[in-house]
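Here the structure is laid out as structure tokens; the discussion comes afterwards.
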Amino acid sequence: MASQREFPPGLVLEGRKQSAMRQRIDAAPAPARAFVLLDQGDGRRGRASVRVDDRVRLGAPIAMADDESGATLHAPVAGRVLSIGRHDDVPDAGPGILIDNDGSDEHDPRCEPCPEADALAPEELIARIRSGGIVGLGGALFPTAAKLARGRTGSITHLVLNGAECEPWICCDDALMRESASEIVRGAQLMLRACGAAKCTIAIEDDKPEAGAAVTAALTVAGDARLSLAVLPAVYPAGAERQLLTAVTGVEIPQRGRPADIGLLCQNVGTAAAVARLMWTGEPLIRRIVTVTGSGVARPGNLEARIGTPIADLVEAVGGYAGAPRRLWFGGSMTGRALPDDAWPLTSAMNCIVAATDADLRAPVTEQPCIRCGDCAQVCPAGLLPQELHRAVRSHDELLLERFGLADCIECGCCDYVCPSAIPLVERFRQERVASASRASDAARAGQARLHFEHHERRVSELEASRRREFEEARRRARDDLPDGG
């Protein structure tokens, strides 16, 4: 049932996952106060649909998206809304909804299971997934319903579930596949019905034999010929969408194209499990599995935690800090983002929290000039020439930036990792993307302003010409009205 696949260039990295995988997933205590950020980390901000002092039940919708590019947010605890806006404990996190947990866990009556999910029309199934606020739990957070709906209009033929958890430290999907493979398989079947694809492949890496065995057993029980398992080499970044799809299907996604353009749709295994849970229990997306690890915590592990839980509570749930961590970040060591402190709340995008000590960190080195060794090009999974792209970044040359593929960089960090000159390539590529987008926006505004000016000048010119014609016509009529010889 499982097939071995090849993978393009990348890195074989130390996983650093064993310590967090020594025990089963544990349930983190519900927070005394949950702070649900209106922007869960994808840049799209929800609009609060509750007011201060409202009492909300567990799972009740508390923020709505303005369109289908966002997702509904739900109450992770039952209690009273204390505030809407910025939180004094984490002012830089952005606005959110602070809920005081009353401890009742009283469920919202709208959170009802759907035992007849297999009989629902695909459009109704997608509508239920949309109302449940399910998003891509691999980190991108794209609304699952919108992706499935696009699949129906884009003639999707192949659904791929991403279980290739390749980045160091992160092992929440591995733990999920080991313990809840049947939920993932059930979610895959529901997604197939929703998007209309003919088959689904669950992709994992060959360094996860326990997860592979659990998924294989669940597939055997399901007995669904549309579902299969593909095993990929444990090469980073195997979990990147384009690289994963190419490895699974053997088809390369066109430059500037999307997977849907060639009939492919990719979802995370955690997303599939969330869809199954929504249908089985009626529970919307109010919790996720998160790895809490690093030498800076006492007992690294995987927690099922509610959205909005302070990071400090999650650390406490794994035994608290061990010593004084030097850095705190979410995500893996290659693409993770720093957290200023542990008061920040858990979001849907956070699959891993790392409290790192000096033992976990590479020794700092001073940046040196590029020596043109080409190591970065050899490991780039997107097939780019990072050294040439870096030269284009330094000159801000838009033509060269396009030629060397700034838009195609997946910011995986492979080039940074191998660079002997310690050049922060990815950070500069990321900054240049922002600057390039700003320049493009400025150029678009300037072009629009020029069009407005030219239109105004043309209107003024036409008006003056019309007035001259009217004046000349008036003079002609006046001359014609004069007596002969006048």
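The values are calculated or read from the model by the stated rules, or taken from the named source; none is laboratory data. Nothing here was measured: the structure is a model prediction, and the numbers come from that model. For neighbour counting, all protein chains shown are included, and Cβ atoms are generated from backbone atoms with ideal geometry for every residue, glycine included. Remember, those area values only see protein heavy atoms, side chains included, never the ligands or the DNA or RNA. Shrake-Rupley method; radii C 1.70, N 1.55, O 1.52, S 1.80 Å.
Looking across segment 405-424 at every residue that is more than 15 Å from residue 378 (Cα to Cα) and in contact with a Pro (Cβ under 8 Å, 6 or more places away or on another chain), the one that is modelled with the lowest pLDDT is identified as 410. Considering (1) over 23 Å from residue 435 (Cα atoms); (2) outside any loop (DSSP other than H, G, I, E, B), the lone condition that residue 365 does not fulfil carries the number (2).
When segment 349-363 is filtered for residues that are under 16 Å from residue 171 (Cα atoms) and at pLDDT below 95, only 349 remains. Kindly indicate whether any position in segment 220-232 is farther than 20 Å from residue 14 by Cα, polar (S, T, N, Q) and open to solvent by less than 20 Å² (accessible area, probe 1.4 Å). No, because not a single residue in segment 220-232 is farther than 20 Å from residue 14 by Cα, polar (S, T, N, Q) and open to solvent by less than 20 Å² (accessible area, probe 1.4 Å). If only residues of segment 217-272 that are β-branched (Val, Ile, Thr) and in contact with a Gly (Cβ under 8 Å, 6 or more places away or on another chain) are counted, the one that is farthest from residue 349 (Cα to Cα) is 231. Is at least one residue of segment 262-284 assigned to a loop (DSSP other than H, G, I, E, B), more than 30 Å from residue 85 (Cβ to Cβ) and at pLDDT below 95? Yes, segment 262-284 has at least one match.
Taken over segment 127-140, residues that are touching a helix residue (DSSP H, G or I) at 6+ places or on another chain (Cβ under 6 Å) and open to solvent by 30 Å² or more (accessible area, probe 1.4 Å) amount to 1.
Across segment 52-89, which residue is nearest to residue 345 (Cα to Cα) among those that are part of a strand (DSSP E or B) and of a type in the set (D, E, K, R)? Restricting to residues being part of a strand (DSSP E or B) and of a type in the set (D, E, K, R), the top hit is 80. Of the residues 419, 409, 415, 376, the single one that is of a type outside the set (S, T, N, Q), more than 24 Å from the chain's Cα centre (by Cα) and under 25 Å from residue 253 (Cβ atoms) is 376. Going through (1) at pLDDT below 95; (2) out of contact with any helix residue (DSSP H, G or I) (no Cβ under 8 Å at 6 or more places or on another chain); (3) closer than 27 Å to residue 119 by Cβ one by one, residue 148 falls short only on (2).
For segment 429-444, the count of residues that are of a type in the set (Val, Ile, Thr), under 22 Å from residue 140 (Cα atoms), within 24 Å of the chain's Cα centre (by Cα) and at pLDDT 90 or above is zero.
When every residue of segment 212-220 is checked against the conditions, at least one turns out to be in contact (Cβ under 8 Å) with a residue 24 or more places away in the chain and in contact with a Lys or Arg (Cβ under 8 Å, 6 or more places away or on another chain). Residue count for segment 196-219 under the criterion of being open to solvent by 10 Å² or more (accessible area, probe 1.4 Å) and within 21 Å of the chain's Cα centre (by Cα): the result is 0. Screening the candidates 444, 407, 435, 422 for the property of being open to solvent by less than 50 Å² (accessible area, probe 1.4 Å), in a helix (DSSP H, G or I) and either out of contact with any Phe, Trp or Tyr (no Cβ under 7 Å at 6 or more places or on another chain) or hydroxyl-bearing (Ser, Thr, Tyr) (or both) yields one hit, 435.
Residue-by-condition table, conditions (1) out of contact with any Pro (no Cβ under 9 Å at 6 or more places or on another chain); (2) surrounded by 23 or more Cβ atoms within 10 Å (Cβ to Cβ):
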{"site": "116", "(1), (2)": "yes, no"}
{"site": "122", "(1), (2)": "yes, no"}
{"site": "125", "(1), (2)": "yes, yes"}
{"site": "142", "(1), (2)": "yes, no"}
{"site": "160", "(1), (2)": "no, yes"}
{"site": "173", "(1), (2)": "yes, yes"}
{"site": "176", "(1), (2)": "yes, yes"}
{"site": "179", "(1), (2)": "yes, no"}
{"site": "194", "(1), (2)": "no, yes"}
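Inspection of segment 295-303 finds a residue satisfying the criterion of being open to solvent by 30 Å² or more (accessible area, probe 1.4 Å) and either among the aliphatic types (A, V, I, L, M) or within 19 Å of residue 202 (Cβ to Cβ) (or both).
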